[in-house]
Each structure stands twice: as C-alpha cells, then as structure tokens.
Amino acid sequence: MDYGAEVGTIADHNRYRPSSTDGTLTITNVQLGDEKWYWCEGRNEADNVFGKAFFEVQMIPTFERSLNLNNTETREGNKAIMICQCEAKPNPKMRFHRVGYAAPYVNGVQPNDSRINIYEKPSSASHENQEIIPQEVVIEIENTTPNDTANYTCIAENSAGRNETTMIIIIQHQPNFDLTPPSLLTQCIWEEHPRNVTVLLSGFPQPSVSWARSDGKQISPDQTAFKQYFEPYWENGRRDEWMANLEINWEVTKGGIQGQYNPVGNYFPKASNNLGAVDFTINVVEAQLPGRVGGLNVTAKTAQSITLFARPPVEENCIPVIGFEIMYKLHGTNDVHQIALFPLDAGSSMKIDNLKSGSSYSVLVYARNERGRGEYSNSKIIETLQSTVPEVVSITSSTESLSNVSHQVVWEMPLDGGEPITQYLVSWREVGATVWNSREISSGSLWWTIPNLQPDTTYEVMVQARNRKGLSAKPNPPSTFRTRPGSTGPSAGRFSNLSLSVEIHYLVIIGVIGLFIILVAIDMICFCSRDWGLLACICTGTSSSPKHPVGDIISLDGAESRSLTSDVDLASKTPAARETSL
C-alpha cells in the first residue's frame, strides 16, 4: 500500500508513519504545513484501489508573534488605544476583560460607559502561512481619567482552544491623595506602638513625596528623628498607586515633646511629578488611656452569677476602646479575682460565674484600648440571689419506646438553683395508677432505662433534681411514653427484676456454670470406676476398636495378628515404600 500527498509520495520518516497492514497514516508533531490532500493506493493481483482525504490543521490562538501586543500610556484627558493581535486557525473570537470586573466587556460601545468602544478586525500584519490572517481586537477609551489605569486581559478563543494575555493601560496624571481613607487622617503614636505616619496616593509618572512638620520645617531624608519610605501600592492592579511612610523615632523625639522634635502635631506630605504637585495634611496625636467607665448596671443575676452592662468612656481618643476587664472580690475580704478582656460588643453580657449564693461582691470595671488599661469605674456592691431547689427538669426522650418491656428516659440538666445537683429521682407509673415507682440516679448521668414494663402500655414519667435545698418541683403534666406491642416472653417471670438485656446476660452465665458442673461429674465417675480421667473416658466411649485396660495381656486370632503385623510393617517402611504397598 502506498501513500502520497499533493507534493508526492510519502515515505516512512520521523513524522510520518504509513502502515501497509491496516491502511492508516500517522502524523506526529503536526504542523500548519501538514494541511493538504492525502491519497493512498492499495494493490494486489486482482485490482488496484485509490482513495484520498483532506487533512485540516487547527491552531490554538497565540500571541507570541504579535507585533501590536504592548502596553499603552497616555496623558489624562487624551484618547487611549490598545490593540491586541493574535494568530489562530480558524479565526478566533476576541474580547477584552478589565481585571477586577465581574464580566468581560462586550464588543461595541459599552452600555454603562459610552467612552469605551471595543471592536475586532483583520490585522494588516502577515503570516508565513497565507491561510492564517492575524486578527486584532481594539479597545478605545475617550477622555481618559486616572481610574482607567488598570490591567486588561485580552481573550482569544476558537474551536482549537482558548488563550489570553494581560496588557496595561496607564493614564499619566498629577499626584493626588484620594486613596488615603478617612481613618488615616488622624494617626496615633505612643511609646509602645510603631510610629509610622502613612498616606496613600496615586500619580504617574511615579511621584516623589516630601514631608514638613507643623512648624513649617522640612524633614530631610537623613534626619535621625524621622525616616521616609516610598513603595508601590498595587493591590488593585493599578500601576499608578503608591504608599508613603514617615517613621517617627520616639526615642529621639519623646524628650522634646515641647521642643524641636515634638512628634505630635500636623504633618504635611507633598507629592509631585512632571505633571503637577499636591499638598496633604495628617494630624498626629498621642494616644491616651481610656477614661472612666460609666453606666455600670446589673442586667441579670442568679445564686451563682452576675451579668453586667457597662458603657465605654465618653471621650475623644485616637484609638478606640476594644473591651472591658472586671475585678471583683467577696465583700469584706481581700481575695481579688480578675476576668480577662471582654469584646466591646459583648458589653451587655459580661458574666461573672462560680459565685457564692446570698453573698455580696465588690465589682470594678475598667476599659482597655491598644495602649493599656484605663481608669476604674466606681465600685459597685452586688448581692447574689439565695440558693433554691433546682429548676424543673425537662425530658427530651421519645414518647415511643424501642422495647416492649423497657424504656430509656433522657433529660436535660436544669439550672441548679445555686447549689450543686447531687442526684436525680426518676418516677414512673401506668396511666391511671395512683402509686409511683421511683429510682435515684447519680448526678453524673442524664439518662436511665426503666425495666420490667408491660407491652403496649402507656406510662407517665418524670425526673426531679435534688440539691442541698431539696427536690425540684414536679413537672405538670408529667411526660408520657408507650411501650411496643409484643409478649414479655418466658424470661419475664423468671427474672422479673431485670431488663431484657440483663436477663440474657444471666442466662448465659447460668448455662456456663451448669455445663461446668456436668463435666466435673463425668470426670469423677470415670475416675472412681476405672481410674481414668475425663478425656480417656470420652475417647473409649467413642472408639469402635476393642477396649483393653492399660496393662492387660491380650491374645489375637490369626486375622487380628495379620492385621497388626501388617500395620507394624507398614509403619516401619519409608514413605515411598508405603505408597507402593498401598
């Protein structure tokens, strides 16, 4: 079988593998030049056959040889034009997507910004393969603003695949401090805190920033009391955003709060480039500790806890209050306790636990911010409630039993009334009965299984908690449950004081004990009658051979003798001899 193409016969070489057996031609490392008509011819003594097919080569979009793939810079107010060119086969669909936006731009004038127009067109560039015409997508932005500075992704897609590349539009403009948020207009310094005054700005070409103090004196870059830093701030993908820092050396300035290096006051950063300059003001203040907490009120209390509400200090400070701390002691003692920081938004639920019932406590509250702890509130004397019996116990178990003779009761731990719960009392009875059955349960358990119930019967059940003050009140009405239908079974009367699982357990134990007694009795009988042990007695009872006590003299008839002799002879032979004999 022969293969050929438009240019002639194909022979077996590195990229072409013709097969004369199954009629296939394999092409590896496919190239654009492989797109053409191919023919094959098969011959034998009877006849010749001829066939041909066209092989189409597709190419994923690529930007590698693009002549117009570049970034665009233009001055604010001018028109920005950026062209993205790619090569692909078949021709691709192309579009732009601004990085950070939810969806790509549509081709044409943008519905939400008429300044932006996007369109596709064939490129004037050429390709070595005449069938590939480079394609372009163009983005035009009229009346540009600094906000148009961004990364733009060029996307090209055809049936062979998808590719993309990122390009940048930079709008040249004079600096401005619009990026600096209001939270940075007033900045705090104190001894234990890093003293960096920070501003955010934009501008292109890259601006320079100088600093001046409130006394009008310029801060030189080599001044020991201050250090200046300037770096890109490209968090949003914009190449025209910058961050400037002024680090204040507290060790140098703190001794001269009233002197030449006073770190507190206004600072004036000035940004400039070849398109203009702009001034800005940052107010630097020394952070203060919080003032006195106001409005300390008790919102709830029990026999063992107190819940407080406190308002933060009403004052101006450059750093906010982040929470409260509490100090308390049993009134009349010096045993002081301290509770760690509460978040400020939990001010209405500052809870002190594990207190003594019916006792008075002195409580102080103070606010805390990043610098430290503020002034104490006025001391407040608060008395806990007297202890009582526990609250009513709530049963959470199902009203339908899983068994016909037992039921598992589950309950929630109630409020203890200010005294530890020492035990639970579970009570149950049939509906309509007058007498309750009861069982005391350890305080460490919140469930118990009631045994010895009747099938298909409705019961009332209640749980009470006990502490030093007594039993909790009975629930009204009590909970109910119903056992499953079915017979109690023969074991119910024999072990009437056990649940079903316990009955089975005891039956197994009794069975094992009974078997052991039987085996001991057999062993004793065998020993007394024949001086044999249990094992020998069992073996002689089950064997079909003649029984002879140990030490007896026995005689064999001819058949027995021959059989025994044969067995002995056979046992003395080698394994191979035995096999032959058998």
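The values are calculated or read from the model by the stated rules, or taken from the named source; none is laboratory data. Everything quoted here is computed from the prediction, not taken from an experiment. Every residue, glycine as well, gets a Cβ built from its backbone with ideal geometry; the counts of neighbours run over all protein chains shown. Side chains included, ligands, DNA and RNA excluded: accessible areas come from the protein's heavy atoms. Shrake-Rupley method; radii C 1.70, N 1.55, O 1.52, S 1.80 Å.
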statement: In terms of the alpha carbon gyration tensor, root eigenvalues a ≥ b ≥ c, rounded if a/c is under 1.5 and otherwise prolate when a/b exceeds b/c or oblate, the range 114-177 is prolate
- prompt: Given 0.36 nm per residue, what is the gain on full extension from Glu391 to Asp456 after removing their alpha carbon distance, in nm?
  reply: 20.2 nm
task: Express the relative contact order of the range 14-161 as a whole percentage, based on alpha carbon pairs under 8 Å and six or more residues apart in sequence.
output: 23 percent
field: Calculated FRET value between Val57 and Tyr119, using beta carbons and R₀ = 22 Å, to 0.05
entry: 0.20
- request: Order Val284, Val109, Val321, most accessible first, counting only protein heavy atoms with a 1.4 angstrom probe.
  value: Val109, Val321, Val284
message: Using a probe radius of 1.4 Å on heavy atoms only, what accessible surface per residue do you get for the range 377-478? Whole Å² is fine.
response: 54 Å²
- prompt: In nanometres, what is the gap between the two model label sites at Arg439 and Trp234, each 7 Å from Cα along Cα-to-Cβ?
  reply: 7.5 nm
query: So which of Lys227/Lys270; Lys351/Lys380; Lys380/Lys469; Lys217/Lys270; Lys351/Lys474 end up more than 18 Å apart by C-alpha?
result: Lys380/Lys469; Lys351/Lys474
query: With labels modelled as points extended 7 Å from the Cα through the Cβ direction, what inter-label distance (nm, one decimal) is found for Val106 paired with Lys380?
result: 6.2 nm
statement: Once Ile168, Ile518 are ranked on solvent-accessible area with the largest value leading and a 1.4 Å probe, the list reads Ile518, Ile168
- prompt: Just the accessible area per residue of the range 77-175, please: how many Å² with a 1.4 Å probe?
  reply: 45 Å²
task: Sticking with the crude label model, points 7 Å out along Cα→Cβ, report the distance from Leu344 to Asn48 in nm, one decimal please.
output: 9.6 nm
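How would Thr434, Thr307 line up by accessible area, probe 1.4 Å, largest first?
Accessible-area ranking of Thr434, Thr307, largest first: Thr434, Thr307.
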Computed over the range 415-468: relative contact order in percent, which uses C-alpha pairs under 8 Å that are six or more apart: 53 percent
- line: 1/(1 + (r/R0)^6) with r = Cβ-Cβ of Thr145 and Ser362, R0 = 60 Å, i.e. FRET efficiency to nearest 0.05, evaluates to 0.40
message: Sort 110-121, 421-432, 469-480 by the packing proxy (mean of other Cβ within 10 Å over each peptide's residues), most packed first.
response: 421-432, 469-480, 110-121
query: How about the range 310-340: which GluC sites (Glu not before Pro) there are in a DSSP loop, with at most 16 other Cβ atoms within 10 Å of their Cβ?
result: Glu315, Glu316
- prompt: Normalised by the residues of the range 357-444, what does the relative contact order come to in percent, with Cα pairs under 8 Å and at least six apart?
  reply: 22 percent
- request: Grab the Cα-Cα distance for Ala473 and Asn249, subtract it from 0.36 nm times how many residues apart they are, and report the gain in nm with one decimal.
  value: 73.7 nm
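Between Thr399 and Glu370, what's the calculated FRET efficiency when r is the beta-carbon distance and R0 is 51 Å? Round to 0.05.
About 0.35, to the nearest 0.05.
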message: How large a share of the accessible area of the range 332-386, in percent, is made up of carbon and sulfur atoms when the probe is 1.4 Å and the other protein chains stay in place?
response: 44 percent
